[in-house]
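Notes follow once the structure below has been shown.
Quick note: the coordinates plus some simple rules give every number you see, no bench work behind them. Every value quoted in this text rests on a predicted model; they were computed, and no experiment measured them. Note: ideal-geometry Cβ built from the backbone for every residue, glycine included; neighbour counts use all protein chains shown.
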Amino acid sequence: MKLDIKIIASIVLCFCVTSSAFASDRRKPKKGTSAGNAIVSEPDRPVRHGRPEEAIAPLTDFLLPRKEDKSSGKGHGNINTRYTQGIDVSHYQYAIDWDRVAKNNNISYVYIKATEGNSFVDSYYQRNLEGARKAGISVGCYHFYRPNVDWRQQLAHLKNNVRKEDQDLVPMIDIEVTGRVSTSKLVADLQAFCQAVTDYYGKRPLLYTYRNFYNKHFTGYFREYQWMIAAYTSSEPRLEDGRDYIMWQYSDKGSIDGIRGNVDRSCLMGGFSLEQLRM
């Protein structure tokens with residue numbers, strides 16, 4: 001049976017457009033990679049099971065006023081020590097009802113994504129910062145560190161967007177990728193970056209990474225810093241150098257009233273207090 005030439009031309013054109021679209025999708029950068037000069041958001045994390053909430057003895061006051069910091073002569077907000085549990089959030093959680101989070105979830109602290117590399121600012125940073133603090137949750141902000149981006153540029157970017165006076169907790173540095181640099185360069189540049197962050201904010205930052213990433217790259221280093229270690233397992237993770245860590249991120253599949261979808265859950269380890277991360 002003969003087909004009309006116009007019909008055949010239409011079929012061929014449709015096929016070409018569809019193939020082009022599929023090819024374009026395959027060329028899109030994955031999360032955690034660079035696309036030209038733009039930095040794509042941090043890599044997704046594998047889904048694991050969580051750990052039940054844990055509360056400590058309730059306090060008379062939900063918020064504890066910040067004691068004067070003798071080193072700086074002034075304070076930076078409030079420390080909520082009612083519970084041992086916390087979360088970290090970013091634009092992935094979209095709009096959050098912070099009043100519901102504070103009221104219904106036994107949460108004392110939150111780390112909010114602020115910056116990444118030398119140019120990215122999380123689109124929900126300011127909204128999350130204001131909402132969480134207003135709801136009475138102790139707030140710290142985190143920077144996603146890019147080892148293949150000059151640390152001085154990252155420092156300038158962090159300082160331009162994260163004000164000391166807005167923070168209850170010390171800033172956190174999120175280290176999850178190598179950027180294809182050597183371990184020696186990763187460690188040396190990160191040491192310089194963390195020292196500069198310490199000099200500017202007046203307190204050492206909290207460092208975050210996965211257990212396996214720590215064991216591979218950081219064993220024996222950064223012993224003067226506190227760590228949050230991520231390991232989505234049923235038992236507390238152990239680091240190869242035997243060091244203690246202040247926080248354990250035990251799930252990226254947490255369910256929190258007031259937040260749509262999954263959220264990272266963490267807890268303070270025994271013997272540690274949120275006061276130790278006071279800004």
Handout entry: the stretch 240-279 residues near the modelled THR219 label - backbone nitrogen below 12 Å, point 7 Å along Cα→Cβ
Key = 240-243
Handout entry: Principal axes of the stretch 170-226: Cα extent on each, largest first, Å
Key = 29, 20, 18
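Say the cut-off is 26 Å between C-alpha atoms; which of LYS134/LYS159; LYS134/LYS203; LYS164/LYS253; LYS159/LYS216 go over it?
Checking Cα-Cα distances, LYS164/LYS253; LYS159/LYS216 exceed 26 Å.
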Fill in the blank from the handout: Output for the stretch 185-275: trypsin sites (Lys or Arg not before Pro) sitting in coil per DSSP, at most 13 other Cβ within 10 Å, listed by number, reads ARG223, ARG238, ARG260
Handout entry: Spatial extent of the stretch 138-199: Rg and Dmax, with the Cα atoms as the point set, Å
Key = 11.9, 36
Problem - D (Stokes-Einstein, µm²/s), Kirkwood Cα radius, the stretch 128-279, 1.002 mPa s at 20 °C - result: 131 µm²/s
Completion exercise
Over all Cα pairs of the stretch 104-160, the Kirkwood radius sets Rh, and Rg/Rh then becomes 1.07
